[in-house]
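S.K.: Dropping a structure here in C-alpha coordinates format, bear with me for questions.
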Amino acid sequence: MDSKSYKILISGMSFNVGGVETYIRSVFRNIDKSIFHLDFINDQVRDDIAFQEEILAEGSNIYHLHGKRQWKEFLKKNRGRYDAIIFNIIAPYFHQIRVCCKYGGFKAVIVHSHNGFVDLPSFLKPIIPLTMKYERFKLSHLPIIRWACSDRAAEWMFGKNKQYEFIKNGINAEKFKYSNSTRESVRKELGLNISDYCIGHIGRFDPQKNHEYLIKIFIQYSKIDKDAKLLLAGPLLNEAIVNSVKKEIAENNISDRVIFLGPRNDADRLYQTMDVFILPSLYEGLPIVGVEAQDSGLPCLFSDKISKQVCVNEYCKFISIDDESIPLWIDALKDIKNAIIDRELGYDAIINNGFVMEKEIKHIEKVLVNILN
(Lines give C-alpha, C1' and ligand atoms only; values in the text may rest on other atoms or scores of the structure.)
Protein backbone atom coordinates (compact mmCIF):
# COMPACT_ATOMS: atom_id res chain seq x y z
CA MET A 1 0.00 0.00 0.00
CA ASP A 2 1.32 3.43 -0.94
CA SER A 3 2.28 5.46 2.13
CA LYS A 4 1.09 8.69 0.54
CA SER A 5 -1.75 10.49 2.27
CA TYR A 6 -4.85 10.92 0.12
CA LYS A 7 -7.51 13.50 0.89
CA ILE A 8 -11.08 12.40 0.19
CA LEU A 9 -14.36 14.29 0.42
CA ILE A 10 -17.45 12.31 1.41
CA SER A 11 -20.96 13.43 0.45
CA GLY A 12 -24.19 11.71 1.41
CA MET A 13 -24.51 11.93 5.18
CA SER A 14 -27.77 13.24 6.62
CA PHE A 15 -28.96 13.79 10.20
CA ASN A 16 -30.86 10.49 10.10
CA VAL A 17 -29.05 7.42 11.41
CA GLY A 18 -29.92 5.12 8.52
CA GLY A 19 -28.18 2.39 6.59
CA VAL A 20 -26.10 4.72 4.41
CA GLU A 21 -25.00 6.80 7.38
CA THR A 22 -24.09 3.71 9.39
CA TYR A 23 -22.14 2.33 6.45
CA ILE A 24 -20.19 5.58 5.98
CA ARG A 25 -19.40 5.67 9.69
CA SER A 26 -18.03 2.13 9.49
CA VAL A 27 -15.78 3.10 6.60
CA PHE A 28 -14.66 6.19 8.50
CA ARG A 29 -13.84 4.19 11.61
CA ASN A 30 -11.93 1.43 9.84
CA ILE A 31 -10.07 3.09 6.97
CA ASP A 32 -6.32 3.55 7.40
CA LYS A 33 -6.09 7.18 8.51
CA SER A 34 -2.33 7.22 7.98
CA ILE A 35 -3.07 6.89 4.26
CA PHE A 36 -6.52 8.46 3.85
CA HIS A 37 -7.90 11.67 5.35
CA LEU A 38 -11.69 11.99 5.07
CA ASP A 39 -13.62 15.24 5.22
CA PHE A 40 -17.39 15.54 4.83
CA ILE A 41 -19.85 17.71 2.94
CA ASN A 42 -23.30 18.31 4.39
CA ASP A 43 -25.74 19.73 1.86
CA GLN A 44 -28.87 18.84 3.80
CA VAL A 45 -31.38 21.36 5.13
CA ARG A 46 -30.24 20.79 8.70
CA ASP A 47 -26.82 21.93 9.81
CA ASP A 48 -25.95 18.70 11.57
CA ILE A 49 -25.27 15.19 10.35
CA ALA A 50 -25.26 11.77 11.95
CA PHE A 51 -22.17 11.00 14.05
CA GLN A 52 -21.03 14.61 13.76
CA GLU A 53 -19.29 14.70 17.14
CA GLU A 54 -17.28 11.58 16.36
CA ILE A 55 -16.25 12.91 12.95
CA LEU A 56 -15.04 16.22 14.36
CA ALA A 57 -13.29 14.53 17.29
CA GLU A 58 -11.22 12.50 14.84
CA GLY A 59 -9.92 15.68 13.21
CA SER A 60 -12.08 15.62 10.10
CA ASN A 61 -13.88 18.68 8.75
CA ILE A 62 -17.55 19.06 7.88
CA TYR A 63 -18.39 21.64 5.23
CA HIS A 64 -21.97 22.88 5.12
CA LEU A 65 -22.90 23.70 1.53
CA HIS A 66 -26.44 24.70 0.64
CA GLY A 67 -27.26 25.17 -3.00
CA LYS A 68 -25.31 25.16 -6.26
CA ARG A 69 -23.69 28.53 -5.62
CA GLN A 70 -22.04 27.47 -2.36
CA TRP A 71 -20.84 24.25 -3.98
CA LYS A 72 -19.21 26.16 -6.84
CA GLU A 73 -17.59 28.67 -4.50
CA PHE A 74 -16.22 25.87 -2.30
CA LEU A 75 -14.90 23.85 -5.24
CA LYS A 76 -13.19 26.82 -6.86
CA LYS A 77 -11.59 27.86 -3.57
CA ASN A 78 -10.39 24.31 -2.82
CA ARG A 79 -9.59 23.19 -6.37
CA GLY A 80 -6.89 20.53 -6.31
CA ARG A 81 -6.87 20.28 -2.51
CA TYR A 82 -8.70 16.92 -2.51
CA ASP A 83 -7.81 13.86 -4.55
CA ALA A 84 -11.34 12.50 -4.82
CA ILE A 85 -14.95 12.97 -3.84
CA ILE A 86 -17.30 10.07 -3.14
CA PHE A 87 -21.03 10.67 -3.58
CA ASN A 88 -23.17 8.24 -1.58
CA ILE A 89 -26.53 8.71 -3.25
CA ILE A 90 -29.80 6.98 -4.08
CA ALA A 91 -30.63 8.58 -7.45
CA PRO A 92 -28.59 10.04 -10.34
CA TYR A 93 -30.26 13.45 -10.60
CA PHE A 94 -27.67 15.24 -8.56
CA HIS A 95 -26.30 18.44 -10.09
CA GLN A 96 -23.38 18.56 -7.63
CA ILE A 97 -21.80 15.62 -9.47
CA ARG A 98 -21.62 17.67 -12.65
CA VAL A 99 -20.33 20.71 -10.75
CA CYS A 100 -17.58 18.59 -9.16
CA CYS A 101 -16.51 17.17 -12.51
CA LYS A 102 -16.26 20.70 -13.91
CA TYR A 103 -14.79 22.73 -11.05
CA GLY A 104 -13.33 20.36 -8.44
CA GLY A 105 -9.99 19.43 -9.96
CA PHE A 106 -10.41 15.89 -8.56
CA LYS A 107 -8.46 12.93 -9.80
CA ALA A 108 -11.65 10.93 -9.31
CA VAL A 109 -15.35 11.65 -8.87
CA ILE A 110 -16.88 8.46 -7.50
CA VAL A 111 -20.62 7.80 -7.47
CA HIS A 112 -21.61 5.09 -5.00
CA SER A 113 -25.17 3.84 -5.50
CA HIS A 114 -26.88 2.63 -2.34
CA ASN A 115 -30.48 2.06 -3.40
CA GLY A 116 -32.69 0.52 -6.06
CA PHE A 117 -35.40 3.18 -6.33
CA VAL A 118 -36.41 6.52 -4.83
CA ASP A 119 -39.64 7.78 -3.28
CA LEU A 120 -41.51 10.60 -4.95
CA PRO A 121 -45.00 12.01 -4.35
CA SER A 122 -47.62 9.84 -6.02
CA PHE A 123 -48.46 12.45 -8.67
CA LEU A 124 -44.81 12.42 -9.82
CA LYS A 125 -44.32 8.65 -9.94
CA PRO A 126 -45.51 8.29 -13.57
CA ILE A 127 -42.59 10.42 -14.74
CA ILE A 128 -39.91 8.43 -12.88
CA PRO A 129 -38.94 6.16 -15.82
CA LEU A 130 -38.54 9.07 -18.24
CA THR A 131 -36.73 11.26 -15.69
CA MET A 132 -34.37 8.47 -14.72
CA LYS A 133 -33.58 7.68 -18.35
CA TYR A 134 -32.67 11.33 -18.93
CA GLU A 135 -30.58 11.61 -15.75
CA ARG A 136 -28.74 8.35 -16.46
CA PHE A 137 -27.97 9.62 -19.95
CA LYS A 138 -26.45 12.80 -18.54
CA LEU A 139 -24.53 10.87 -15.91
CA SER A 140 -23.14 8.50 -18.55
CA HIS A 141 -21.37 11.45 -20.21
CA LEU A 142 -19.54 12.50 -17.07
CA PRO A 143 -16.04 11.21 -16.19
CA ILE A 144 -17.17 9.36 -13.07
CA ILE A 145 -16.21 6.09 -11.44
CA ARG A 146 -19.14 3.80 -10.64
CA TRP A 147 -19.55 1.95 -7.36
CA ALA A 148 -22.66 0.09 -6.17
CA CYS A 149 -23.73 -2.18 -3.33
CA SER A 150 -25.60 -4.57 -5.65
CA ASP A 151 -26.54 -5.26 -9.26
CA ARG A 152 -29.97 -3.77 -8.59
CA ALA A 153 -28.46 -0.56 -7.20
CA ALA A 154 -26.04 -0.33 -10.15
CA GLU A 155 -28.78 -0.72 -12.75
CA TRP A 156 -30.99 1.84 -11.00
CA MET A 157 -28.22 4.43 -10.90
CA PHE A 158 -26.24 3.81 -14.07
CA GLY A 159 -28.47 1.77 -16.39
CA LYS A 160 -28.19 -1.79 -17.66
CA ASN A 161 -24.87 -3.44 -18.42
CA LYS A 162 -22.72 -0.63 -17.03
CA GLN A 163 -19.45 -1.75 -15.50
CA TYR A 164 -19.12 -0.91 -11.82
CA GLU A 165 -17.11 -1.78 -8.73
CA PHE A 166 -19.06 -4.04 -6.38
CA ILE A 167 -18.58 -2.57 -2.90
CA LYS A 168 -20.08 -4.93 -0.36
CA ASN A 169 -21.94 -3.60 2.65
CA GLY A 170 -19.48 -5.04 5.11
CA ILE A 171 -20.26 -5.18 8.82
CA ASN A 172 -18.47 -5.84 12.08
CA ALA A 173 -19.21 -9.55 11.99
CA GLU A 174 -18.08 -10.22 15.55
CA LYS A 175 -20.53 -7.64 16.91
CA PHE A 176 -23.63 -9.33 15.47
CA LYS A 177 -22.60 -12.92 16.12
CA TYR A 178 -25.28 -14.96 17.88
CA SER A 179 -25.23 -14.99 21.67
CA ASN A 180 -27.75 -17.03 23.63
CA SER A 181 -27.00 -15.13 26.85
CA THR A 182 -27.76 -11.84 25.10
CA ARG A 183 -30.97 -13.34 23.76
CA GLU A 184 -32.13 -14.26 27.25
CA SER A 185 -31.15 -10.88 28.66
CA VAL A 186 -32.94 -8.83 25.99
CA ARG A 187 -36.05 -11.00 26.14
CA LYS A 188 -36.21 -10.31 29.85
CA GLU A 189 -35.81 -6.56 29.25
CA LEU A 190 -38.62 -6.54 26.68
CA GLY A 191 -40.97 -8.75 28.67
CA LEU A 192 -40.87 -11.57 26.14
CA ASN A 193 -41.46 -15.15 27.22
CA ILE A 194 -39.22 -18.04 26.21
CA SER A 195 -42.11 -19.47 24.17
CA ASP A 196 -42.81 -16.23 22.26
CA TYR A 197 -42.17 -16.40 18.52
CA CYS A 198 -40.56 -13.02 17.88
CA ILE A 199 -40.89 -11.63 14.36
CA GLY A 200 -38.48 -8.71 14.06
CA HIS A 201 -38.06 -5.70 11.80
CA ILE A 202 -35.58 -2.82 11.91
CA GLY A 203 -36.17 0.17 9.67
CA ARG A 204 -37.30 3.76 9.73
CA PHE A 205 -41.02 4.39 9.30
CA ASP A 206 -41.35 5.68 5.74
CA PRO A 207 -42.97 4.32 2.57
CA GLN A 208 -39.89 2.40 1.40
CA LYS A 209 -39.94 0.00 4.34
CA ASN A 210 -43.58 -0.97 3.71
CA HIS A 211 -44.73 -1.19 7.34
CA GLU A 212 -48.40 -1.24 6.40
CA TYR A 213 -47.89 -4.45 4.41
CA LEU A 214 -45.87 -5.90 7.28
CA ILE A 215 -48.79 -5.27 9.64
CA LYS A 216 -51.15 -7.02 7.23
CA ILE A 217 -48.90 -10.06 7.37
CA PHE A 218 -48.69 -10.02 11.14
CA ILE A 219 -52.43 -9.53 11.63
CA GLN A 220 -53.10 -12.68 9.62
CA TYR A 221 -50.29 -14.69 11.19
CA SER A 222 -51.24 -13.71 14.75
CA LYS A 223 -54.63 -15.34 14.20
CA ILE A 224 -53.02 -18.77 13.95
CA ASP A 225 -50.16 -18.38 16.43
CA LYS A 226 -50.94 -17.17 19.93
CA ASP A 227 -47.21 -16.96 20.71
CA ALA A 228 -46.42 -14.51 17.91
CA LYS A 229 -44.95 -11.12 18.83
CA LEU A 230 -43.83 -8.35 16.48
CA LEU A 231 -40.80 -6.24 17.31
CA LEU A 232 -40.52 -2.90 15.44
CA ALA A 233 -37.36 -0.83 15.81
CA GLY A 234 -36.49 2.32 13.89
CA PRO A 235 -37.14 6.07 13.78
CA LEU A 236 -40.82 7.04 13.65
CA LEU A 237 -40.19 9.50 10.81
CA ASN A 238 -43.49 9.40 8.93
CA GLU A 239 -46.34 10.27 11.28
CA ALA A 240 -49.03 9.22 8.80
CA ILE A 241 -47.56 5.72 8.48
CA VAL A 242 -47.07 5.39 12.23
CA ASN A 243 -50.69 6.40 12.85
CA SER A 244 -51.97 4.07 10.14
CA VAL A 245 -50.04 1.13 11.57
CA LYS A 246 -51.16 1.83 15.13
CA LYS A 247 -54.77 2.14 13.98
CA GLU A 248 -54.64 -1.28 12.30
CA ILE A 249 -53.07 -2.79 15.39
CA ALA A 250 -55.74 -1.33 17.68
CA GLU A 251 -58.64 -2.32 15.43
CA ASN A 252 -57.40 -5.90 15.35
CA ASN A 253 -56.85 -6.06 19.13
CA ILE A 254 -53.17 -6.99 18.92
CA SER A 255 -51.68 -3.99 20.74
CA ASP A 256 -50.25 -6.29 23.41
CA ARG A 257 -48.42 -8.29 20.73
CA VAL A 258 -46.60 -5.46 18.94
CA ILE A 259 -43.62 -3.71 20.53
CA PHE A 260 -42.58 -0.29 19.22
CA LEU A 261 -38.99 0.41 20.19
CA GLY A 262 -38.33 3.58 18.19
CA PRO A 263 -34.74 4.45 17.19
CA ARG A 264 -32.15 2.21 18.83
CA ASN A 265 -28.39 1.96 18.90
CA ASP A 266 -28.31 -1.68 19.99
CA ALA A 267 -29.53 -3.49 16.89
CA ASP A 268 -26.89 -6.16 17.54
CA ARG A 269 -28.69 -7.08 20.76
CA LEU A 270 -32.17 -6.94 19.23
CA TYR A 271 -31.32 -9.48 16.52
CA GLN A 272 -30.46 -12.01 19.21
CA THR A 273 -33.95 -11.93 20.69
CA MET A 274 -35.73 -12.35 17.34
CA ASP A 275 -36.68 -15.69 15.80
CA VAL A 276 -37.09 -14.41 12.26
CA PHE A 277 -36.24 -11.14 10.51
CA ILE A 278 -38.72 -9.71 8.02
CA LEU A 279 -38.13 -6.96 5.46
CA PRO A 280 -40.96 -6.42 2.95
CA SER A 281 -39.41 -3.26 1.44
CA LEU A 282 -40.68 -1.70 -1.76
CA TYR A 283 -37.06 -1.37 -2.85
CA GLU A 284 -33.51 -1.57 -1.48
CA GLY A 285 -29.98 -1.47 -2.77
CA LEU A 286 -28.55 -4.11 -0.48
CA PRO A 287 -29.94 -3.71 3.05
CA ILE A 288 -27.28 -3.72 5.75
CA VAL A 289 -29.87 -4.89 8.27
CA GLY A 290 -30.30 -8.02 6.18
CA VAL A 291 -26.60 -8.76 6.43
CA GLU A 292 -26.55 -8.06 10.16
CA ALA A 293 -29.58 -10.27 10.78
CA GLN A 294 -27.99 -13.18 8.95
CA ASP A 295 -24.78 -12.72 10.94
CA SER A 296 -26.85 -13.37 14.07
CA GLY A 297 -28.13 -16.57 12.46
CA LEU A 298 -31.64 -15.30 11.81
CA PRO A 299 -33.80 -16.73 9.04
CA CYS A 300 -34.78 -13.80 6.81
CA LEU A 301 -37.89 -13.11 4.76
CA PHE A 302 -37.27 -10.43 2.12
CA SER A 303 -39.50 -8.87 -0.49
CA ASP A 304 -38.67 -9.85 -4.05
CA LYS A 305 -37.77 -6.21 -4.70
CA ILE A 306 -34.53 -6.72 -2.76
CA SER A 307 -31.35 -7.86 -4.47
CA LYS A 308 -30.64 -11.55 -3.97
CA GLN A 309 -27.00 -10.60 -3.41
CA VAL A 310 -28.00 -9.96 0.23
CA CYS A 311 -28.54 -13.68 0.78
CA VAL A 312 -25.57 -15.53 2.27
CA ASN A 313 -27.16 -18.69 3.65
CA GLU A 314 -29.99 -21.18 3.16
CA TYR A 315 -32.36 -19.38 5.52
CA CYS A 316 -33.31 -16.57 3.10
CA LYS A 317 -36.54 -16.41 1.17
CA PHE A 318 -37.77 -13.74 -1.28
CA ILE A 319 -41.54 -13.25 -1.59
CA SER A 320 -43.74 -10.95 -3.65
CA ILE A 321 -45.43 -8.04 -1.85
CA ASP A 322 -48.81 -7.99 -3.55
CA ASP A 323 -51.89 -8.72 -1.43
CA GLU A 324 -52.34 -12.15 -3.04
CA SER A 325 -48.94 -13.17 -1.66
CA ILE A 326 -49.73 -12.65 2.02
CA PRO A 327 -50.52 -16.39 2.45
CA LEU A 328 -46.99 -17.12 1.18
CA TRP A 329 -45.52 -14.95 3.95
CA ILE A 330 -47.74 -16.74 6.48
CA ASP A 331 -46.58 -20.14 5.26
CA ALA A 332 -42.95 -19.04 5.40
CA LEU A 333 -43.34 -17.86 9.01
CA LYS A 334 -44.91 -21.19 9.96
CA ASP A 335 -42.13 -23.14 8.25
CA ILE A 336 -39.42 -21.18 10.06
CA LYS A 337 -41.09 -21.66 13.43
CA ASN A 338 -41.15 -25.41 12.89
CA ALA A 339 -37.61 -25.62 11.51
CA ILE A 340 -34.45 -26.40 13.45
CA ILE A 341 -32.17 -23.40 12.97
CA ASP A 342 -28.50 -23.51 13.92
CA ARG A 343 -27.88 -19.83 14.59
CA GLU A 344 -24.19 -20.39 15.21
CA LEU A 345 -23.77 -20.85 11.44
CA GLY A 346 -24.74 -17.26 10.65
CA TYR A 347 -21.35 -15.82 11.51
CA ASP A 348 -19.50 -18.37 9.37
CA ALA A 349 -21.72 -17.59 6.38
CA ILE A 350 -20.95 -13.87 6.64
CA ILE A 351 -17.21 -14.55 6.86
CA ASN A 352 -17.27 -16.99 3.93
CA ASN A 353 -19.19 -14.55 1.72
CA GLY A 354 -16.92 -11.61 2.46
CA PHE A 355 -19.43 -9.27 4.11
CA VAL A 356 -16.86 -8.26 6.70
CA MET A 357 -15.99 -4.59 7.12
CA GLU A 358 -12.29 -5.18 7.76
CA LYS A 359 -11.96 -7.14 4.50
CA GLU A 360 -14.08 -4.72 2.50
CA ILE A 361 -12.09 -1.75 3.80
CA LYS A 362 -8.92 -3.31 2.41
CA HIS A 363 -10.73 -3.69 -0.90
CA ILE A 364 -11.81 -0.03 -0.87
CA GLU A 365 -8.32 1.15 0.08
CA LYS A 366 -6.78 -0.84 -2.76
CA VAL A 367 -9.32 0.43 -5.29
CA LEU A 368 -8.77 4.04 -4.20
CA VAL A 369 -5.00 3.83 -4.39
CA ASN A 370 -5.21 2.28 -7.88
CA ILE A 371 -7.56 5.05 -8.99
CA LEU A 372 -5.56 7.92 -7.53
CA ASN A 373 -2.05 6.86 -8.53
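S.K.: Exposed loop GluC sites (Glu not before Pro) only (DSSP loop, at most 14 other Cβ atoms within 10 Å): please give the longest stretch of the chain free of them, not including the sites. All intermediate terms of the calculation are to be shown ahead of the outcome.
M.R.: Values: sites that count: Glu58, Glu314, Glu344.
Within the chain, the longest run free of exposed GluC sites (Glu not before Pro) spans 59-313.
S.K.: Need the list of aspartates and glutamates near Lys76 for cross-linking: C-alpha distance under 16 angstrom, and skip anything on the same chain fewer than eight residues off.
M.R.: none
S.K.: Follow-up question, since we're still on this one. Could you give me the radius of gyration and the Dmax of segment 1-113, taking only the C-alpha atoms into account and expressing both in angstrom?
M.R.: Calculated on Cα positions, Rg and Dmax stand at 13.4, 38 Å.
S.K.: Another question, then. Suppose every K and R has +1 on its Cβ and every D and E has -1 on its Cβ; what is the size of the dipole of the chain about the Cα centre, in Debye to the nearest 20?
M.R.: Details: 50 positive and 48 negative charges, 329 e Å.
Computed charge dipole of the chain: roughly 1580 debye.
S.K.: What is the set of long-range amide H partners of His64 at a cut-off below 5 Å, with H atoms built 1.01 Å from backbone N?
M.R.: Correct list: Asn42.
S.K.: In terms of solvent-accessible area of protein heavy atoms at a 1.4 angstrom probe, what is the ranking of Arg46, Arg146, highest value first?
M.R.: Working: Arg46 110, Arg146 55 Å².
The most accessible residue leads, giving Arg46, Arg146.
S.K.: Next up: On a C-alpha basis, how far is the centre of segment 280-302 from the centre of segment 50-66 in Å? Whole number, if you could?
M.R.: 29 Å
S.K.: Then there's this: Determine the alpha carbon to alpha carbon distance for each of Lys337/Lys359; Lys162/Lys216; Lys33/Lys72; Lys133/Lys359 and list only those over 31 Å.
M.R.: Lys337/Lys359; Lys162/Lys216; Lys133/Lys359
S.K.: Answer with one residue from Pro287, Ile326, Ala267: the one whose Cα lies farthest towards the positive end of the charge dipole of segment 213-331, charges on Cβ with Lys, Arg +1 and Asp, Glu -1.
M.R.: It is Ala267, whose Cα lies furthest towards the positive end.
S.K.: For the chain, give me the percentage of DSSP beta bridges that are antiparallel, rounded to the nearest 5 percent. Kindly include the intermediate steps, with their values, before the conclusion.
M.R.: On the way: 0 of 46 bridges.
Taking every DSSP beta bridge with both residues in the chain, the antiparallel ones total about 0 percent.
S.K.: Using the Cα gyration tensor of segment 169-254, with a ≥ b ≥ c the square roots of its eigenvalues, what is the shape: rounded (a/c below 1.5), prolate (a/b larger than b/c) or oblate (neither)? Mind dumping the intermediate values first?
M.R.: On the way: a/c = 2.25, a/b = 1.25, b/c = 1.80.
Taking the square roots of the gyration eigenvalues as a ≥ b ≥ c, segment 169-254 is oblate.
S.K.: To one decimal place, what orientation-averaged projected area in nm² is obtained for the convex hull of the Cα set of segment 57-196? Present the calculation step by step, with values, prior to reporting the outcome.
M.R.: On the way: hull surface 56.1 nm².
Projected over every direction and averaged, the Cα hull of segment 57-196 covers 14.0 nm².
S.K.: Please say if the chain is rounded, prolate or oblate, where rounded means a/c under 1.5 for a ≥ b ≥ c the square roots of the C-alpha gyration tensor eigenvalues, and otherwise the choice is prolate for a/b larger than b/c and oblate otherwise? List each step's numbers first, then the result.
M.R.: Numbers: a/c = 1.97, a/b = 1.63, b/c = 1.21.
Prolate is the answer for the chain, as a/c is 1.5 or above and a/b outweighs b/c.
S.K.: May I pose another question? If the cut-off is 18 Å between C-alpha atoms, which aspartates and glutamates fall inside it for Lys247, apart from same-chain ones fewer than 8 positions away?
M.R.: Of all the aspartates and glutamates, those that pass the test against Lys247 - Cα under 18 Å, at least 8 places apart if same chain - are Asp206, Glu212, Glu239, Asp256.
S.K.: Hey, in the chain, which Cys have no second cysteine's beta-carbon closer than 4.7 Å?
M.R.: Unpaired cysteines in the chain: Cys100, Cys101, Cys149, Cys198, Cys300.
S.K.: Quick one: accessible surface of Leu286, probe radius 1.4 Å, all protein chains present, in square angstrom to the nearest 10.
M.R.: We get 10 Å² for Leu286.
S.K.: Working with all protein chains in place, sort His64, His114 by solvent-accessible area computed with a 1.4 Å probe, largest first. Please report the intermediate quantities before stating the final value.
M.R.: On the way: His64 70, His114 20 Å².
Highest to lowest solvent-accessible surface, that is His64, His114.
S.K.: What are the ³J(HN,Hα) couplings of segment 97-111, residue after residue, when phi is run through the Karplus curve with 6.51, -1.76, 1.60 and θ = phi - 60°? Round to Hz, x for glycine and proline.
M.R.: 4, 5, 4, 5, 4, 8, 10, x, x, 7, 6, 8, 10, 9, 10
S.K.: Hey, what's segment 265-373 come to in accessible area per residue, 1.4 Å probe, Å²? Before the final figure, lay out the partial values.
M.R.: Details: 4230 Å² over 109 residues.
Accessible surface, normalised per residue, equals 39 Å².
S.K.: Let me ask something else. At 1.4 Å probe size, put Lys162, Lys247 in order of accessible surface, largest to smallest. Can you show the working numbers first?
M.R.: Working: Lys162 85, Lys247 120 Å².
The most accessible residue leads, giving Lys247, Lys162.
S.K.: Hey, how many Å between the Cα centroid of segment 126-197 and the Cα centroid of segment 311-373?
M.R.: 11 Å
The values are calculated or read from the model by the stated rules, or taken from the named source; none is laboratory data. Treat the numbers as computed from the prediction; the structure is a model and nothing was measured. Every residue, glycine as well, gets a Cβ built from its backbone with ideal geometry; the counts of neighbours run over all protein chains shown. The area values use the complete protein model at the heavy-atom level, side chains included, leaving out ligands, DNA and RNA. Shrake-Rupley method; radii C 1.70, N 1.55, O 1.52, S 1.80 Å.
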